[in-house]
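Participant: Sharing a structure, written as structure tokens. Questions coming.
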Amino acid sequence: MAYQRTHRIETGKTLRVLHVVGTSLKVDLHRSAPPSSKFFSVKHTDDVQYTINPPPSEGDHLSPIPLNDNTVLLISMKKASKEENDNKLSVRYYGKEKEVLGNAVLHLTAVEISLDVDADRDGTVEENNPNKGRWKWGPDGHGAIILVNCDSERKRHKLDLERNFVDKESDLKDMTKMVLRTKGPPDLPEGYKLTMHISQGDAESIRVYSYVDETGGSFYNKCPLLLDVGCLSEEVQFPGGTAESKFYVEGLRFPDKDFDGLVTINLSLLEPIGSGIPETPIFTDKVVLRVAPWIMTPNTLQPIEVFVCSTSDNRTFLNGIKSFVAKNGHRLKICHEYMNRGDRWMQDELEFGYIDAPHHRFPVVLDSPRDRGLVEFPFESLLGPDFGYVTRTAKRDEVNSLDSFGNLEVSPPVTVNGKNYPLGRIIIGVAFPTASQGRNMTQVVQDFLWAQKVQDPIALFSDWLSVGHVDEFMTFVPAPDKKGFRLLLASPDAGYKLFKSLQNQGHGTALLFDGVENEKPIPVDDILKDEDLQDDNNYVQSCIDWNRDVLKRELGLDEGDIIDLPILFKLDKESEVRAVAFYPDLVNMLVLGKSLGIPKPFGPKVNGRCALEAEMCSLLEPLGLSCTFIDNFASYHQLLGEVHCGSNVRRKPFDYKWWNMEV
């Protein structure tokens, strides 16, 4: 239905009206009629259209038509005016004997006004899309998209959104283009004006800049700030004739607990009433936009570059990583000790993701609140042009080990009970749901993750671990069949099964940790007869099985989608009773396409080959995966971490566009 506004007419007067093409003026003819009026007639110029409701039963509209209590005249215009007051409509009222009682005249000026965005998400700002004022998810959805301007074009260690000005043209690609299209006479009638306005709440999430397309001068003068928290409403120029005025919308914050990501920008045409009296809005156009979510990338996406730390004592590990990454043809970036300050846990400090819109996309690093030696690395070394940064901070006494991002993973795409998750599902570890106390990921991070919507998170039980990270007992690897991946789970049962098989084959004296410096070798027989260790692993297996059931249910997996890896744990009973890996944790691996960088386990050797390595190869190589074993024993395992904990990978974004999801 076309936008309608009620308008009045007065007999004996000529009223001047500014009309917006595509809308209609609703005139209550009975209310405006002189006393004793029984009939009326209508005259108009060619570009004026009208309808009478209820329609007259017969007769010419130039002839007297019976006037009822509910007679309404709907007036519209075909096209924009070239000059002010270039069209008119008149209503003549008649008495009982059809004597003339008076005339009411409207002089009409028509304008076309449309505030436009890329509502159909094809990268082009189309004209007056009928769905621009509403947001809808899905492939047949609509509504424009804003990127949070969280990169830094200037390389001055400050986010672009922290400045309320634009001084580089390259910054515009991070913003959403908006166009005001107008047609009409050279000027609006005296006193009329256009204003653009936003709510106070939306002003906390966006800024709007106007664009002055003139040559010469600094770029700063081409993009003056129009709307922000300090200015919610501002007049915009009506350029006259047929014109387009450009604006750019900058995102300031991501969806979160207190922000659903939707913002509205309004454009209103204001009509003067009289001196000292506020103008009245007679037409409002609006556009609704959504801030793009932060999206994580799973192991199944192609690697771009690998990140690792160099410390005074991790040369063996670093050489293994260098060789592994080079063999697979990927870039390696090393964070040296002057930056990491002895903090080797690259996975724990940050998580790579990206943001995406039809007009642009770029990687964004999520910085964890752990803030140890690597605290400056994400901001100082990664932030730059087309590389964004976001973090969530918490009080220091609220931050614990579960806030490190070894405790933040994401699955490959899955379908669960008919519901599609084309970008996978985020996975975090928390305290056991029925426990009265325990460690949890801090609420501000959880709120952020849940608010992104497109990777609906799953909470697993990880507080049973000393470090408490989900990457200590699970990961995903690509596969050529079924769902396109396998879930790998640590399994004490699989570990004991392997060691019992070795014993049955006569290898009970084969040694775990044989040749490891400063580590006492342990025969297979001793492992199997250690009842305390068996009890520890029975407990660990029950914890992993609880998570296994959650993952099967929440990811739509069956047993054939899961591979159990032979890993034993032990409980640290000197402080809090929580588990650590008994030998290097094989599931805590670095996945680069089909190549896996796995912690070298130093397992019992059979015929000169590590039985744990052989078992891993037999489980994973049939999927087309290759296994490389990296020595991280002294520099990571003994510090309660492994290969995955000490590395990180930036990956290519999904081809799938998040706005096509059904949410």
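The values are calculated or read from the model by the stated rules, or taken from the named source; none is laboratory data. What you are looking at is a predicted structure, and each value in this text was computed from that prediction instead of being measured. For neighbour counting, all protein chains shown are included, and Cβ atoms are generated from backbone atoms with ideal geometry for every residue, glycine included.
Participant: Can you find even one residue in region 385-402 that is farther than 25 Å from Ile428 by Cβ and not assigned by TED's automatic domain parsing to the domain that holds Leu161? Working first, answer last.
Facilitator: Initial filter on region 385-402 (farther than 25 Å from Ile428 by Cβ): 385-386.
Those still in the list that are not assigned by TED's automatic domain parsing to the domain that holds Leu161 too: 385-386.
Checking region 385-402: at least one residue is farther than 25 Å from Ile428 by Cβ and not assigned by TED's automatic domain parsing to the domain that holds Leu161.
Participant: Under 31 Å from the mean Cα position of the chain (by Cα) and under 22 Å from Arg181 (Cβ atoms), is that true of Pro224?
Facilitator: Spelling it out, Pro224 is indeed under 31 Å from the mean Cα position of the chain (by Cα) and under 22 Å from Arg181 (Cβ atoms).
Participant: Identify, from the list Val288, Val375, Val325, Val390, the residue that is touching a strand residue (DSSP E or B) at 6+ places or on another chain (Cβ under 9 Å) and crowded, with 22+ Cβ neighbours inside 10 Å. Walk me through it before giving the result.
Facilitator: Details: Val288 fails: crowded, with 22+ Cβ neighbours inside 10 Å; Val375 fails: crowded, with 22+ Cβ neighbours inside 10 Å; Val390 fails: crowded, with 22+ Cβ neighbours inside 10 Å.
Residue meeting the stated conditions: Val325.
Participant: Now, a different point. Out of curiosity, is Leu73 in the same structural domain as Gly102 (by TED's automatic domain parsing) and surrounded by fewer than 18 Cβ atoms within 10 Å (Cβ to Cβ)? Reasoning before the result, please.
Facilitator: Numbers: in the same structural domain as Gly102 (by TED's automatic domain parsing): yes; surrounded by fewer than 18 Cβ atoms within 10 Å (Cβ to Cβ): no.
In short, no.
Participant: State all residues of region 190-245 that are touching a strand residue (DSSP E or B) at 6+ places or on another chain (Cβ under 9 Å), charged (D, E, K, R) and in a loop (DSSP other than H, G, I, E, B); if no residue qualifies, say none.
Facilitator: Scanning region 190-245 gives Glu204, Asp213.
Every residue, every condition in (1) of a type outside the set (Gly, Ala, Ser); (2) loosely packed, with under 14 Cβ neighbours inside 10 Å; (3) closer than 20 Å to Lys183 by Cα, yes or no:
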| residue | (1), (2), (3) |
| --- | --- |
| Arg8 | yes, yes, no |
| Thr14 | yes, no, no |
| Asp47 | yes, no, yes |
| Ile52 | yes, no, no |
| Lys82 | yes, yes, yes |
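Participant: Among (1) touching a residue at least 24 places away in the same chain (Cβ under 8 Å); (2) farther than 22 Å from Asp228 by Cβ, there is one condition Val166 misses while meeting the rest; what is its number?
Facilitator: (2)
Participant: Scan region 246-267 residue by residue and report those that are assigned to a strand (DSSP E or B) and of a type in the set (Gly, Ala, Ser).
Facilitator: Gly251, the sole residue that qualifies.
Participant: Restricted to region 373-399, and to residues that are in contact (Cβ under 8 Å) with a residue 60 or more places away in the chain and farther than 18 Å from Ile355 by Cα, which residue is farthest from the chain's Cα centre (by Cα)?
Facilitator: Step one: filter region 373-399 for residues in contact (Cβ under 8 Å) with a residue 60 or more places away in the chain, giving 374, 379-380, 383-390.
Narrowing the set further to residues that are farther than 18 Å from Ile355 by Cα leaves 374, 380.
Working: Leu374: 25, Glu380: 23 Å.
For region 373-399, the residue satisfying everything is Leu374.
Participant: Something else about it: Could you pull out every one of the strands (runs of 3 or more DSSP E) wholly within region 358-462 that has 3 or more residues that are closer than 20 Å to Leu640 by Cα and modelled with pLDDT of 95 or more?
Facilitator: Filter on region 358-462 gives 426-430.
Participant: Just name the residue that is surrounded by the most Cβ atoms within 10 Å (Cβ to Cβ) out of those in region 608-663 that are assigned to a loop (DSSP other than H, G, I, E, B) and of a type in the set (Gly, Ala, Ser). First the steps, then the outcome.
Facilitator: Going through region 608-663, the residues assigned to a loop (DSSP other than H, G, I, E, B) turn out to be 608, 624-625, 631-636, 640-646, 652-657, 661-663.
From what is left, the residues that are of a type in the set (Gly, Ala, Ser) are 608, 624, 634-635, 641, 646.
Numbers: Gly608: 5, Gly624: 11, Ala634: 16, Ser635: 19, Gly641: 27, Gly646: 29.
In this case the residue turns out to be Gly646.
Participant: Right, something else. Looking only at strands (runs of 3 or more DSSP E) that fall completely inside region 83-189, which ones have 1 or more residues that are closer than 28 Å to Val663 by Cβ? Walk me through how you get there before you give the answer.
Facilitator: Values: elements: 87-94, 100-116, 144-146, 176-183.
The strands (runs of 3 or more DSSP E) meeting that bar are 100-116, 144-146, 176-183.
Participant: Restricting to region 37-64, give me the number of residues that are of a type in the set (Gly, Ala, Ser) and at pLDDT 95 or above.
Facilitator: The qualifying residues number 1.
Participant: How many residues are among the charged types (D, E, K, R), surrounded by 14 or more Cβ atoms within 10 Å (Cβ to Cβ) and out of contact with any Phe, Trp or Tyr (no Cβ under 9 Å at 6 or more places or on another chain) when one looks only at region 137-170?
Facilitator: So the count comes out to 4.
Participant: Is it fair to say Tyr209 is crowded, with 21+ Cβ neighbours inside 10 Å, in contact with a Leu (Cβ under 9 Å, 6 or more places away or on another chain) and modelled with pLDDT of 90 or more? It would help to see each step written out before you state the result.
Facilitator: Working: crowded, with 21+ Cβ neighbours inside 10 Å: yes; in contact with a Leu (Cβ under 9 Å, 6 or more places away or on another chain): yes; modelled with pLDDT of 90 or more: yes.
Against the criterion (crowded, with 21+ Cβ neighbours inside 10 Å, in contact with a Leu (Cβ under 9 Å, 6 or more places away or on another chain) and modelled with pLDDT of 90 or more), Tyr209 qualifies.
Participant: Further, regarding this structure: Give me a count of the residues in region 546-571 that are touching a helix residue (DSSP H, G or I) at 6+ places or on another chain (Cβ under 9 Å) and in a helix (DSSP H, G or I).
Facilitator: Number satisfying all stated conditions: 5.
Participant: Do we find that Glu519 is of a type in the set (D, E, K, R) and not in a helix (DSSP H, G or I) in this structure?
Facilitator: yes
Participant: I want to confirm something. Restricting to region 566-607 and keeping residues that are among the polar types (S, T, N, Q) and out of contact with any Leu (no Cβ under 8 Å at 6 or more places or on another chain), which single residue is surrounded by the most Cβ atoms within 10 Å (Cβ to Cβ)?
Facilitator: The qualifying residue surrounded by the most Cβ atoms within 10 Å (Cβ to Cβ) is Asn588.
Participant: Is it the case that region 535-543 has a residue that's free of Cβ contacts under 8 Å to residues at least 24 places away in the same chain and in a loop (DSSP other than H, G, I, E, B)? Outline the logic, then answer.
Facilitator: Initial filter on region 535-543 (free of Cβ contacts under 8 Å to residues at least 24 places away in the same chain): 535, 542.
If we keep only those that are in a loop (DSSP other than H, G, I, E, B) as well, we get none.
The answer is no, given that none of the residues of region 535-543 is free of Cβ contacts under 8 Å to residues at least 24 places away in the same chain and in a loop (DSSP other than H, G, I, E, B).
Participant: Can you tell which of Phe513, Phe485, Phe473, Phe499 is in the same structural domain as Pro566 (by TED's automatic domain parsing), touching a residue at least 12 places away in the same chain (Cβ under 8 Å) and at positive phi?
Facilitator: Being in the same structural domain as Pro566 (by TED's automatic domain parsing), touching a residue at least 12 places away in the same chain (Cβ under 8 Å) and at positive phi holds for just one of Phe513, Phe485, Phe473, Phe499, which is Phe513.
Participant: Please tell me if Leu551 is touching a residue at least 60 places away in the same chain (Cβ under 8 Å), in contact with a Ser or Thr (Cβ under 9 Å, 6 or more places away or on another chain) and either under 23 Å from Leu488 (Cα atoms) or assigned by TED's automatic domain parsing to the domain that holds Asp493 (or both).
Facilitator: So Leu551 passes the test.
Participant: Show the residue pairs meeting these rules: Cβ distance below 8 Å; 6+ apart or different chains; first residue within region 242-268 and under 16 Å from Leu161 (Cα atoms); second residue among the aromatic types (Phe, Trp, Tyr) and not in a strand (DSSP E or B).
Facilitator: Listed pairs, sorted by first residue: Phe254/Trp294; Phe254/Phe448.
Participant: Is it the case that Ile273 is free of Cβ contacts under 8 Å to residues at least 60 places away in the same chain, out of contact with any helix residue (DSSP H, G or I) (no Cβ under 6 Å at 6 or more places or on another chain) and assigned to a loop (DSSP other than H, G, I, E, B)?
Facilitator: So Ile273 fits the description; yes.
Participant: What do you reckon, is Pro492 of a type outside the set (Lys, Arg), in contact with a helix residue (DSSP H, G or I) (Cβ under 7 Å, 6 or more places away or on another chain) and surrounded by fewer than 20 Cβ atoms within 10 Å (Cβ to Cβ)?
Facilitator: Considered against the rule, which asks whether it is of a type outside the set (Lys, Arg), in contact with a helix residue (DSSP H, G or I) (Cβ under 7 Å, 6 or more places away or on another chain) and surrounded by fewer than 20 Cβ atoms within 10 Å (Cβ to Cβ), Pro492 comes out as no.
Participant: Tally the residues that are under 52 Å from the mean Cα position of the chain (by Cα) and surrounded by fewer than 16 Cβ atoms within 10 Å (Cβ to Cβ), restricting the search to region 84-112.
Facilitator: Result for region 84-112: 1.
Participant: All but one of (1) of a type outside the set (Lys, Arg); (2) in a helix (DSSP H, G or I); (3) closer than 26 Å to Pro601 by Cβ hold for Ser312; state the number of the condition that does not hold.
Facilitator: (2)
Participant: Which ones in region 189-232 are under 22 Å from Glu271 (Cα atoms), touching a residue at least 40 places away in the same chain (Cβ under 8 Å) and either of a type outside the set (A, V, I, L, M) or touching a Cys at 6+ places or on another chain (Cβ under 7 Å) (or both)?
Facilitator: Pro189, Glu190, Gly191, Tyr192, Lys193, Thr195, His197, Ser199
Participant: Please tell me if Gly261 is assigned by TED's automatic domain parsing to the domain that holds Met178, touching a Pro at 6+ places or on another chain (Cβ under 7 Å) and within 23 Å of Ile113 (Cα to Cα).
Facilitator: The answer is no for Gly261.
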